[in-house]
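The values are calculated or read from the model by the stated rules, or taken from the named source; none is laboratory data. Quick caveat: nothing in here was measured; it's all calculated off a predicted structure. When we count neighbours, we look across all protein chains shown, and the Cβ atoms used for this are built from the backbone with ideal geometry, even at glycine. To get the accessible areas, we keep the full protein, side chains included, count just its heavy atoms, and leave off ligands, DNA and RNA. Shrake-Rupley method; radii C 1.70, N 1.55, O 1.52, S 1.80 Å.
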Amino acid sequence: MPRVEIRFAGFGGQGIGLLGRLMGEAIALYMEEKNAIMTQSYGPESRGGASSSDVVIDEGEIAYPKATHYDYLVVMSEEAYHKYIPNLKEGGTLFVEENLVILDDHAKKAGKILKIPATKIAEEIGSSLYANIAMLGFFCANTDIVSEDALKKVIREKVKARFVKNNLIAFEKGKNYKG
Amino acid sequence: MSKTIQKEEDRTVLTGEYFTTGNLAAAEGALAAGCKFFGGYPITPSSEIAEHMSYRLPQVGGHFLQFEDEIASIVSILGASWGGWKSMTATSGPGYSLMLENIGLGIMTETPCVIINVQRGGPSTGLPTLVGQQDIQQTRWGSHGDYEVIALAPNSVQECFDLVIVAFNYAEKYRLPVTLLMDETLGHMSEKLIIPKKDDIKIINRKKPKDDPSSHLPYKADEDLVPPMATAGEGYRVITTGLTHDERGYPVLDAETQEKLLRRLINKIKKNKDDIILLEEYKLKDAELIIISFGISARASKGAIELARKKGIKVGLLRLITIWPFADEHIEKLAEKVDNILVVEINSGQVTREVQRAVKGKANVHGVLKHGGTIHTPEEILSEIERRVK
Amino acid sequence: MTSELLKAEEHPSDVFLRPGRIPHIWCPGCSLGSVTNVIIQAIKQSGIDSKKIAIISGIGCTGRAAGYLNFDSFHTTHGRAIPFAIGLSVTDPERKVIVISGDGDLASIGGNHLIHGARRNADITVICVNNFQYGMTGGQVGPTSYEGQFQTTAPYGNVEHPFDLPGLAYSCGATFVARWTALDVRRMKETIIEAILHKGFSFVEILGSCPTTYGRRNQLREGLEILENFRKRTVLQHGADPTKTEISKDGPIIVGKFVEIKDKSTLTDNLLKVQRIAKATKSRGL
Ligand code: SF4
């Protein structure tokens with residue numbers, strides 16, 4: 001597998017940083033022979049407004065830590081979509097929170113577009129806060145980058161104990177969602 | 001906590017595998033080195049180190065104190081070091097500026113301690129949340145007077161852990177404040193960290209005096225130019241002063257004493273350069289062009305080298321792990337092999353000028369520079385490479 | 001005058017003076033020699049193991065005291081004695097750390113550390129010898145100079161108002177506050193013993209005589225004249241409200257032990273408490 005670059009983006013409060021962190025940790029610690037680096041936006045912009053986190057994955061040593069040309073772009077807000085779609089690779093994959101993003105012509109560069117009403121699914125479980133994990137389950141089911149087991153393991157470890165159960169439900173629902 | 005569940009009895013070294021940030025790795029490295037005191041002041045992008053130390057130090061019998069400013073922070077760690085505890089602080093550019101006078105006190109009084117500078121863009125308040133590498137010369141010359149320093153620059157989360165330990169070892173061995181030059185990108189990015197078993201970590205502690213307290217000369221150095229260090233409470237009646245002093249530690253304000261003291265303080269670093277200087281050589285054997293870089297910029301450089309080699313351009317990298325003392329001799333030798341050297345750094349040429357000095361005209365030196373806010377992309381560096389080899 | 005005082009006491013004190021460091025650099029008529037001697041006597045009579053004593057100074061005439069005393073002694077940078085003392089003190093709860101420094105050092109450049117040290121109730125003793133201006137640098141006006149005081153940087157008289165140091169220390173949280181003049185040798189000694197044995201931040205102000213750079217610009221040519229002036233104006237008032245002890249040009253000088261609070265937790269107490277909690281806390285990982 002060659003170098004893969006993923007950008008998760010949305011607005012503050014959606015748990016975009018956690019998405020990158022869970023993905024990065026699942027790969028770095030539990031996927032044999034794969035390395036991962038996670039970087040994220042810091043400062044006032046991460047406390048509201050736009051938020052993003054990147055995961056770079058490779059088999060060998062990862063020299064350059066940042067994502068610049070995304071193989072996968074996961075957007076959970078309209079603003080994030082407009083801001084980052086120019087850096088999606090030609091033929092790359094676009095994941096969209098379908099109720100929060102209206103696509104335009106720029107999306108045509110994507111080889112594949114996958115849509116999910118992640119927030120609505122989350123709300124059915126009890127809180128829009130689980131939308132990020134629903135998206136993670138959806139991402140997991142539609143790519144072969146990271147194993148389901150690895151992601152579930154890090155959800156159990158990284159998420160506060162009382163939220164684990166609902167996050168795992170969100171993950172399952174996202175995973176099983178057929179657009 | 002990830003793969004390994006740590007036994008509660010020994011919590012200083014959390015042996016195991018983690019996915020974590022450079023800042024947290026540096027904090028854990030300090031604990032593994034035996035650090036027991038942290039005095040600090042909040043400043044972006046280093047605050048996570050202070051936060052983590054406030055959580056961890058009391059678990060291992062140490063203390064964390066948040067002070068009223070960075071001046072108090074640096075001075076407090078000098079005090080704790082004389083109390084016999086390994087001590088450290090962490091800050092960023094503006095805070096480092098405030099610490100400089102007392103880093104000089106640490107050098108003059110030969111006090112072991114570690115300062116982490118998670119660099120951001122400057123000058124002044126600059127770019128609090130974004131990367132810079134602009135404090136390289138400040139670390140070297142920022143305090144008044146004349147002196148030698150040791151500064152190390154990690155380039156991965158793992159190295160943040162490993163090099164804090166080396167920084168403590170150098171501080172203890174050579175008795176001076178040692179600076180770890182990190183940067184915002186490294187401090188905040190997450191990657192895999194392996195914390196080894198306690199027994200596999202090499203720790204150096206300060207030499208202790210063996211002579212009788214009544215005839216003890218606290219600043220009489222051994223052959224390595226470093227005096228053994230008694231700490232408070234051991235009966236040696238420790239004496240320190242920032243004034244020029246003799247072997248007894250008494251102020252003697254004349255040219256002769258100054259000459260003798262300064263020569264020793266400078267030479268204890270200069271004469272031990274071979275021990276202190278750490279370098280990484282990457283694909284240098286067949287290189288027709290050499291990049292010299294450090295810290296996060298060295299990773300961008302490696303990315304560029306991959307791209308260049310795909311195009312058949314043979315480029316190699318010398319990574320400065322030890323920034324100060326500077327690797328003059330090593331760089332001069334490398335310069336004999338190539339026509340062009342590129343120096344990649346996020347500042348206006350602070351290491352570039354050192355390389356220019358070191359090569360003594362044997363190669364052309366070109367800075368690949370930017371002024372902070374973002375790291376170089378490999379493509380940017382590649383285009384400079386292509387310009388120089390055409 | 002002072003060097004004689006010191007000499008007279010030299011015999012009993014000399015193990016506490018660094019061999020070869022006397023004669024000191026202080027001027028004739030300066031009270032620093034006698035104050036240093038009183039501090040030595042107080043430490044001796046406190047009964048504390050001399051190994052557990054550490055002396056910290058900043059910069060200035062008073063700041064030189066650390067270098068003369070034969071304990072663990074640290075002559076630091078200008079204004080920074082207190083944070084050094086805090087760093088040193090927390091490494092051993094039994095250590096008695098005594099800061100000896102001047103008014104310019106502690107209240108001007110080091111003022112921030114003074115107020116925060118007091119706020120924390122750090123377990124240190126601060127002895128501030130106040131000579132109303134900067135002696136070492138040649139007599140510039142300082143934060144304790146009274147309005148109208150003549151100094152090299154106040155040739156027409158000081159335009160500012162002074163800090164009242166006991167009031168400052170008390171209002172910031174110091175739990176032991178006292179003031180004596182350099183003349184009150186016996187009571188100064190008793191107070192310093194109490195201050196050293198006090199748990200928490202103890203602050204003792206000593207009004208000192210500086211004929212060289214203060215006195216001769218303010219009609220008090222000799223050290224003795226300054227002390228005599230103190231004597232005339234001194235009003236003994238233990239338990240005085242330290243917020244009402246400001247010193248003016250000619251007004252009364254209130255001295256005494258103003259404050260002693262015994263039940264406030266110290267910084268060291270609280271740090272040790274936190275250690276106990278932390279040790280019982282499960283690791284949350286990285
Ligand atoms: S200048 Fe004043 S305070 Fe300093 S030593 Fe002389 S008399 Fe004492």
Checklist outcome for this item: For the stretch C:122-134, Karplus-derived ³J(HN,Hα) couplings (6.51, -1.76, 1.60; θ = phi - 60°; whole Hz; x for glycine and proline) come out as 4, 7, 9, 10, 10, 10, 10, 8, 9, 10, 6, 5, 8
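Leaving ligands and nucleic acids out of the surface, order B:Tyr250, A:Tyr42 by accessible area at 1.4 Å, largest first. Please report the intermediate quantities before stating the final value.
Numbers: B:Tyr250 20, A:Tyr42 55 Å².
So, going from the largest accessible area down, we get A:Tyr42, B:Tyr250.
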Checklist entry - What's the angle, to the nearest 10 degrees (0 to 90), between helix B:47-56's Cα axis and the longest principal axis of chain B? => result 50
Item to check | Separation between Cα centres of the stretch B:119-159 and the stretch C:33-80, rounded to whole Å | outcome: 36
Checklist entry - If exposed GluC sites (Glu not before Pro) are those in a DSSP loop with at most 13 other Cβ within 10 Å, what is the longest stretch of chain B that has none? => result B:10-222
Item to check | C:Gly135 long-range amide H proximity, modeled H, under 5 Å | outcome: C:Cys61
Item to check | Rounded, prolate or oblate (a/c below 1.5 giving rounded, otherwise prolate when a/b exceeds b/c) for the stretch B:111-233 by Cα gyration tensor | outcome: oblate
Checklist outcome for this item: Given backbone amide H placed at 1.01 Å from N, residues whose amide H is under 5 Å from that of C:Thr76, ignoring those fewer than 5 places away on the same chain, are C:Ser57, C:Gly58
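Might you tell me the accessible area per residue for the stretch A:1-139, computed with a 1.4 Å probe and given in Å²?
On the way: 5320 Å² over 139 residues.
The answer is 38 Å² per residue.
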Checklist outcome for this item: Measure of exposure for A:Lys175: accessible area at 1.4 Å probe, Å² rounded to 10, is 40
Item to check | Residues in the stretch B:48-81 occluded by at least 50 Å² - accessible area, probe radius 1.4 Å, against chain by itself | outcome: B:Tyr55, B:Pro58, B:His63, B:Leu65, B:Glu68, B:Val75
Checklist entry - Do any trypsin sites (Lys or Arg not before Pro) in the stretch C:12-61 lie in a DSSP loop with no more than 16 other beta carbon atoms within 10 Å, and if so, which? => result none
Checklist outcome for this item: Among A:Ser51, A:His69, A:Thr119, the residue whose Cα sits farthest towards the positive end of the charge dipole of chain A (+1 at Cβ of Lys and Arg, -1 at Cβ of Asp and Glu, taken about the Cα centre) is A:Thr119
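Could you pull out the pairs from A:Lys89/B:Lys337; A:Lys158/B:Lys314; B:Lys268/C:Lys44; B:Lys207/B:Lys362; B:Lys210/B:Lys273; B:Lys220/C:Lys199 whose alpha carbons sit more than 32 Å apart here? Write down the numbers at each step before the final one.
Numbers: A:Lys89/B:Lys337 39 Å; A:Lys158/B:Lys314 44 Å; B:Lys268/C:Lys44 39 Å; B:Lys207/B:Lys362 42 Å; B:Lys210/B:Lys273 27 Å; B:Lys220/C:Lys199 37 Å.
Listed pairs above 32 Å: A:Lys89/B:Lys337; A:Lys158/B:Lys314; B:Lys268/C:Lys44; B:Lys207/B:Lys362; B:Lys220/C:Lys199.
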Checklist entry - Can you list residues whose amide H is under 5 Å from B:Leu193's amide H, if they're 5+ apart or on another chain and H is modeled 1.01 Å from N? => result B:Tyr18, B:Phe19, B:Thr20
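With an 8 Å Cα cut-off and a minimum separation of 6 or more residues, compute the relative contact order for chain A in percent. Let's see the in-between values first.
Values: 377 pairs, mean separation 37.1, N = 179.
Rounded, it is 21 percent for chain A.
Find the sum over both chains of the accessible area lost when B and C are paired, probe 1.4 Å, and report it in Å² to the nearest 100. Mind showing how you got there, number by number?
Numbers: alone 16520 and 13140 Å², together 25510 Å².
The summed interface area works out to 4200 Å².
Counting only heavy atoms of protein chains, what accessible area per residue, in Å², does the stretch B:246-370 have with a probe of 1.4 Å? Don't skip to the answer; put the middle values down first.
Values: 5400 Å² over 125 residues.
For the stretch B:246-370, the solvent-accessible area averages 43 Å² per residue.
Antiparallel DSSP bridges in chain B: what percent, to the nearest 5? Intermediate results must be reported in sequence, preceding the final value.
Numbers: 15 of 52 bridges.
Restricted to chain B, the bridges split so that about 30 percent are antiparallel.
Taking every residue in A:154-163, how many Cβ atoms of other protein chains lie within 10 Å of its Cβ, on average? Please report the intermediate quantities before stating the final value.
Details: counts 2, 0, 0, 4, 3, 0, 0, 0, 0, 0.
Neighbouring Cβ atoms belonging to other protein chains average 1 per residue here.
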Checklist entry - Can you give the relative contact order of chain B as a percent, counting alpha carbon pairs under 8 Å and 6+ residues apart? => result 16
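Rolling a 1.4 angstrom probe over the protein heavy atoms, how many square angstrom per residue are accessible across the stretch B:16-200?
On the way: 3990 Å² over 185 residues.
Here the residues of the stretch B:16-200 average 22 Å² of exposed surface.
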Next on the checklist: Whole-Hz ³J(HN,Hα) for each residue in the stretch B:235-242, computed from phi via Karplus 6.51 cos²θ - 1.76 cosθ + 1.60 with θ = phi - 60°, x for glycine and proline: what do you get?
Outcome noted: x, 8, 6, 3, 9, 9, 8, x
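Net charge near A:Ile62: determine it from the other residues with C-beta under 9 Å of the C-beta of A:Ile62, scoring Lys and Arg +1 and Asp and Glu -1. Intermediate results must be reported in sequence, preceding the final value.
Working: positive: A:Arg3, B:Arg299; negative: A:Asp58, A:Glu61, B:Glu191.
Around A:Ile62, the charge tally is -1.
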Checklist entry - Given only helices, namely DSSP H runs of n ≥ 4 each adding -39500 (n - 2.57), what is the per-residue ellipticity at 222 nm of chain C, to the nearest 500 deg cm²/dmol? => result -9500 deg cm²/dmol
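Show me the GluC sites (Glu not before Pro) within the stretch A:1-36 that DSSP assigns to loop and that have at most 10 other Cβ atoms within 10 Å of their Cβ. Please report the intermediate quantities before stating the final value.
Values: sites: A:Glu5, A:Glu25, A:Glu32, A:Glu33; in loops: A:Glu32, A:Glu33.
Sites meeting the loop and neighbour criteria: A:Glu32, A:Glu33.
Using a cut-off of 14 Å between beta-carbons, work out the net charge of the residues near C:Thr245 (Lys and Arg +1, Asp and Glu -1, C:Thr245 not included).
Numbers: positive: C:Arg179, C:Arg233, C:Lys244, C:Lys257; negative: C:Asp164, C:Glu205, C:Asp241, C:Glu246.
Net charge in that neighbourhood comes out at 0.
Dipole magnitude of the protein assembly as shown about its Cα centre, charges +1 at Lys/Arg Cβ and -1 at Asp/Glu Cβ only, in debye to the nearest 20?
Taking the Cα centre of the protein assembly as shown as origin, the dipole is about 860 debye.
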Checklist entry - Carbon and sulfur together cover what percent of the accessible area of the stretch B:16-200 at a 1.4 Å probe radius? => result 54
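If you take every residue apart from B:Leu382 with its C-beta less than 13 Å away from the C-beta of B:Leu382, what net charge results, scoring Lys and Arg +1 and Asp and Glu -1? Walk me through the numbers on the way to the answer.
Details: positive: B:Lys302, B:Arg309, B:Lys310, B:Lys311, B:Arg387, B:Arg388, B:Lys390; negative: B:Glu306, B:Glu379, B:Glu380, B:Glu384, B:Glu386.
With Lys, Arg at +1 and Asp, Glu at -1, the net is +2.
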Checklist entry - How do C:29-36, A:85-92, C:188-195, C:106-113 rank on mean C-beta neighbours within 10 Å, highest first? => result C:29-36, C:106-113, C:188-195, A:85-92
Checklist entry - Between the stretch C:205-253 and the stretch A:10-36, what is the C-alpha centre distance in whole Å? => result 68
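Using Cα-Cα distances under 8 Å and only pairs 6 or more residues apart, what relative contact order does chain C have, in percent? Mind dumping the intermediate values first?
Working: 636 pairs, mean separation 48.0, N = 286.
It comes to 17 percent, rounded to a whole number.
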Next on the checklist: Could you tell me the center-to-center distance, by alpha carbons, between the stretch C:98-136 and the stretch B:58-82 in angstrom?
Outcome noted: 19
Checklist entry - Which listed residue (C:His75, C:Ile115, C:Gly87) has the Cα farthest towards the positive end of the charge dipole for the stretch C:5-144, taking +1 on Lys and Arg C-beta and -1 on Asp and Glu C-beta about the Cα centre? => result C:Gly87
Next on the checklist: Explain nothing, just compute: Karplus ³J(HN,Hα) = 6.51 cos²θ - 1.76 cosθ + 1.60, θ = phi - 60°, for every residue of the stretch B:183-200 in order, whole Hz, x for Gly and Pro.
Outcome noted: 8, 4, 4, 5, x, 9, 7, 10, 8, 6, 10, 10, 9, x, 5, 3, 5, 8
